[in-house]
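Participant: This is the structure, below, for whatever I ask next.
The values are calculated or read from the model by the stated rules, or taken from the named source; none is laboratory data. Quick caveat: nothing in here was measured; it's all calculated off a predicted structure. Using ideal geometry, Cβ is built from the backbone for each residue, glycine included, and neighbour counts are taken over all protein chains shown.
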Amino acid sequence: MSRIVGIDLGTTNSLVAYVDEKTGLPRVIPDRDGQVLLPSIVSFAGEGVLVGAAAKRQLVRRPEATVYSVKRLMGRGYDDVKDELPYLPFAVAPAEGIVKIQIGSREITPPEVSAIVLKSLKERAEAHFGEPIEKAVVTVPAYFNDSQRQATKDAGRIAGLDVVRIVNEPTAASLAYGLQRIREGLIAVYDLGGGTFDISILKVKDGIFEVLATNGNTHLGGDDFDRAIVLWLLEDIRARHQVDLTDDAEAMQELRLAAEAAKIRLSADERTSLTIPFDRFTYRRDITRAELEQLIDKLVASTLTPCRMALADAGLAPSDLDEVVLVGGSTRVPLVRRRVQELFGKTPHSQLNPDEVVALGAAVQAHILAGGITDMLLLDVTPLSLGIETLGGIVSVLIPRNTTIPTNAREMFTTSVDGQRVVDMHVVQGERELAKDCRSLARFELSGIDPMPAGMPKIEVVFLIDANGILNVTATEQRSGKAAAIEVKPTYGLSEADVERMVEDSFTYAEADVEARLLIETRNEADTVITHVERALTQGRRLIGEEEQRTIDAALAALKDARGRTDRDRIREATTAMNQATEHLAELMMDAALKGALASRRADEIMER
Amino acid sequence: MDHFEVFGLPRRLAVDGAELQRKFYELSRLGHPDFHQSASPERQAEILEASARLNAAYRALRDPIARIEYLVRLEEGRETREGATVKPKAPPELLEEMFEIQEALQEAKSGGLDAAARETLGAQRERLQARYEHEESRLRGPLTEAWDAAAPAGRAAALTAFKESLATRAYLRTVVDDIDEALGSSREGYVAHRRH
């Protein structure tokens, strides 16, 4: 069997991992710079496509052409996401069906963006193993619905990867813990990532990982924390500088990145300061952990309701649990840990790196599928009830939530009019009683029914949810035993033809010169350095002597010249030289900024008294 | 193959939960699609089907009430399907009280309840919940034993008793859920999980 890698396709970061045959342990694969996390960001600025850290650098420079957190848009429609569009710097076309991101004149779907991230990880794994990688296990939030899972699978196909299994993130994490830490007992996995939240309750026994219940929110995560901070900062800026930055896309990105960085620092520190040099003014602000906690308290509290519902569905009380495991970068936030500990009444596990544990678990599942592990088995569930719309718009549930997958349900359909040749069904997912309040998955059209009096044809439809949590529908006319023709119209998905076309397109793009892409990346890096140096010189020229100024000016001119040419090595050398030439200046400026910050803090303290 | 046969069990309701789980894990190890990735597509389809059947069987049998619901369907020769097996029916002795409750629920929908009405409804909810639990213990206890002990001739009567009890239980569940919703003690519109 060919090699299968495990991929965590995250909202903020993505990773690829594999199981080391020698040790039997999963390992993450770093890129050539030693970086394990690939920022899930894709930039369409300029001629080529950038992904990861290179794309992240374009967030502030070209916000309208740089796509981040696309996972929140996977398998969704315009109406689902329109509330958060004001916060996204890129445009989303108001269209029926699946979300379409508008970059200039080009429309691109979320699976295509995710495919670019997947492809980059695929290439990273290929470089690591020195062989082509064609198969992967890809993780998704446990609470992802059918459309979101299908979109993830489509992304794999567009990237040239056969997604042999979609695994739920919390259960993947439990596999990684199971291999190394937890052998038996009832476990709760609390997974709060960049954009999604899941809670899964598992029973682990004799190598079997049986999910008892799962719940969550596919629109809640660290992104929302950042947004809460940004809104607070905007208010503060309005009050102190009389400026509203809401419509300034570049400033909003600066604020978002600064807010994210401050949030991260506040996991370790009680207080941190934020300095953002805007064109017209430099914004400085201190933020304490207590202030952050006040801003995100409601968001954190809203994760506890799904926890209680999952426990109720599993028929368990918090005290029944043996272990609680924390997964996802946002569980580093002390308030999150405190609330989880309060709810479950025990200290949660977080020994495995919360950023990596899902990818490690995906690698374990990949190894199981490849036949490398035979004593572990994951029995997962479908997170949402599956039903069909019946008369009056009421949902008739065929497969209740938390049913172990694979699973199926059979339903008989017939005609209501003499000679009727076609029967429609509307399949939905969700817990509400009315179809309009549930998630519409697809409309199915059974056709080719022989004309008969009403009620005579008997068509058996089998709804099968496979081990990926994805629905497959087949229909048989019972009299003839003939398979009935089904046409599927996914409500929020790509058609088979769409995916085919995207696969072809991606091959065309793949053939584009790798060298050209590397050149773009190198140029972008040079641009970033040039911008920084120019800004530094306007602010800090007075700090250095004339000779040093001359050296820097010369290095800057050399870099600008190299940037205009196509020799990648020369650009890189010039960039390095530029960095060296400004090292001293950077130090001086850092000192000055620190002194400034200290001075302003002291002033604040005096004011308070 | 019915769900009892999947586990090699007779059509009886007394099932040892731990033993059932042990067998479920054992059969899963043998037949889960994860361990048959290199089989032919036809074989994989069969394995998928068998695995779905095993999971459905375990789900139906592991819970004592779900087991009874399944048995009723099986004995009546109806299509295998989860969900509505019996039409909810109000217990006769509660009809009058139900009338009152429905009125209060209507009121809650159209405008809201005052504190006194809420309190009354809350107290009624507790009584109905107790009645619901009583119905469940009757199903698990005496009715289950009656079925397992019944001679073939007595089975029809045991089945009828099951159906009546299940109908009452389903009715009580719905009303308690409706009251919870009216009192705002469950998430808006979220159908409480009707555990079998």
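Participant: With the requirement that a residue be over 17 Å from the mean Cα position of the chain (by Cα) and either part of a helix (DSSP H, G or I) or surrounded by 24 or more Cβ atoms within 10 Å (Cβ to Cβ) (or both), what does the range A:352-376 give you?
Facilitator: Correct list: A:ALA363, A:VAL364, A:GLN365, A:ALA366, A:HIS367, A:ILE368, A:LEU369.
Participant: Which pairs turn up if I take residues in the range A:389-406 that are more than 22 Å from A:TYR143 (Cβ to Cβ) and within 8 Å of chain B (Cβ to nearest Cβ) and look for partners that are of a type in the set (Asp, Glu) and surrounded by 12 or more Cβ atoms within 10 Å (Cβ to Cβ) with beta carbon separation below 9 Å, at least 6 apart in sequence or on another chain?
Facilitator: If the second residue must be of a type in the set (Asp, Glu) and surrounded by 12 or more Cβ atoms within 10 Å (Cβ to Cβ), the pairs left are A:SER396/A:GLU389; A:SER396/A:GLU411.
Participant: Turning to a different aspect of this structure: Is it the case that B:ALA39 is within 14 Å of chain A (Cβ to nearest Cβ), in a helix (DSSP H, G or I) and either surrounded by fewer than 18 Cβ atoms within 10 Å (Cβ to Cβ) or not aliphatic (A, V, I, L, M) (or both)?
Facilitator: no
Participant: Another one. From the list A:GLU521, A:GLU547, which one is of a type outside the set (A, V, I, L, M, F, W, C) and closer than 27 Å to A:GLY52 by Cβ?
Facilitator: Among A:GLU521, A:GLU547, only A:GLU521 is of a type outside the set (A, V, I, L, M, F, W, C) and closer than 27 Å to A:GLY52 by Cβ.
Participant: Check every one of the strands (runs of 3 or more DSSP E) wholly within the range A:418-473 and list those with 1 or more residues that are within 23 Å of A:VAL164 (Cβ to Cβ).
Facilitator: Passing ranges, in order: A:439-447, A:459-465.
Participant: How many residues are facing chain A (nearest Cβ under 10 Å), out of contact with any Pro (no Cβ under 7 Å at 6 or more places or on another chain) and within 19 Å of A:ASN468 (Cβ to Cβ) when one looks only at the range B:46-58?
Facilitator: 5
Participant: Test A:ASP313 against the stated conditions and say whether it is acidic (Asp, Glu), at pLDDT 95 or above and surrounded by fewer than 22 Cβ atoms within 10 Å (Cβ to Cβ).
Facilitator: For A:ASP313, the condition - acidic (Asp, Glu), at pLDDT 95 or above and surrounded by fewer than 22 Cβ atoms within 10 Å (Cβ to Cβ) - is not met.
Participant: So A:SER495 passes all but one of these: (1) closer than 30 Å to A:ALA127 by Cα; (2) at pLDDT below 85; (3) small (Gly, Ala, Ser). Which condition number does it fail?
Facilitator: (1)
Participant: If the Cβ limit is 8 Å and pairs must be 6+ apart or interchain, which residue in the range A:303-314 that is more than 10 Å from every other protein chain (Cβ to nearest Cβ) and within 22 Å of A:PHE225 (Cα to Cα) pairs with which residue that is part of a helix (DSSP H, G or I) and of a type in the set (D, E, K, R)?
Facilitator: Listed pairs, sorted by first residue: A:THR303/A:ARG339; A:LEU304/A:ARG339.
Participant: Still on this structure: Within the range A:303-314, is there a residue that is over 13 Å from A:ILE199 (Cα atoms) and among the basic types (Lys, Arg)?
Facilitator: Among the residues of the range A:303-314, not one is over 13 Å from A:ILE199 (Cα atoms) and among the basic types (Lys, Arg), which makes the answer no.
Participant: Could you give every pair whose Cβ atoms fall below 6 Å, whose first residue belongs to the range A:415-432 and is within 14 Å of chain B (Cβ to nearest Cβ), and whose second residue is of a type in the set (S, T, N, Q) and assigned to a loop (DSSP other than H, G, I, E, B), counting only separations of at least 6 or pairs across chains?
Facilitator: Matching pairs, first to second residue: A:GLN429/A:ASN145; A:GLU431/A:SER385.
Participant: Answer yes or no: is there a residue in the range A:549-567 that is in a helix (DSSP H, G or I) and among the polar types (S, T, N, Q).
Facilitator: Within the range A:549-567 (the criterion being in a helix (DSSP H, G or I) and among the polar types (S, T, N, Q)), the answer is yes, since at least one residue qualifies.
Participant: Return yes when A:GLU131 is surrounded by fewer than 16 Cβ atoms within 10 Å (Cβ to Cβ), assigned to a loop (DSSP other than H, G, I, E, B) and touching a Lys or Arg at 6+ places or on another chain (Cβ under 8 Å) and no when it is not.
Facilitator: When the stated conditions are applied, A:GLU131 passes them.
Participant: Continuing with the same structure: Of the conditions (1) more than 13 Å from chain B (Cβ to nearest Cβ); (2) touching a Phe, Trp or Tyr at 6+ places or on another chain (Cβ under 8 Å); (3) β-branched (Val, Ile, Thr), A:ILE449 satisfies every one except a single condition; which number is it?
Facilitator: Evaluating A:ILE449 over (1) more than 13 Å from chain B (Cβ to nearest Cβ); (2) touching a Phe, Trp or Tyr at 6+ places or on another chain (Cβ under 8 Å); (3) β-branched (Val, Ile, Thr) leaves (2) as the failure.
Participant: Sticking with this structure for a sec: Taking into account only those residues within the range A:58-79 that are among the charged types (D, E, K, R) and free of Cβ contacts under 8 Å to residues at least 60 places away in the same chain, which is surrounded by the most Cβ atoms within 10 Å (Cβ to Cβ)?
Facilitator: Top of the filtered list is A:ARG62.
Participant: Which is more than 24 Å from A:ILE7 (Cβ to Cβ) and surrounded by 24 or more Cβ atoms within 10 Å (Cβ to Cβ), of A:ALA188, A:ALA172, A:ALA176?
Facilitator: A:ALA188
Participant: Could you identify the single residue in A:VAL117, A:VAL113, A:VAL99 that is of a type outside the set (S, T, N, Q), crowded, with 19+ Cβ neighbours inside 10 Å and within 17 Å of A:ALA17 (Cβ to Cβ)?
Facilitator: The unique qualifying residue is A:VAL117.
Participant: Filtering the range A:347-384 down to residues that are among the small types (Gly, Ala, Ser) and within 10 Å of another protein chain (Cβ to nearest Cβ), which residue is farthest from A:SER14 (Cα to Cα)?
Facilitator: A:GLY371
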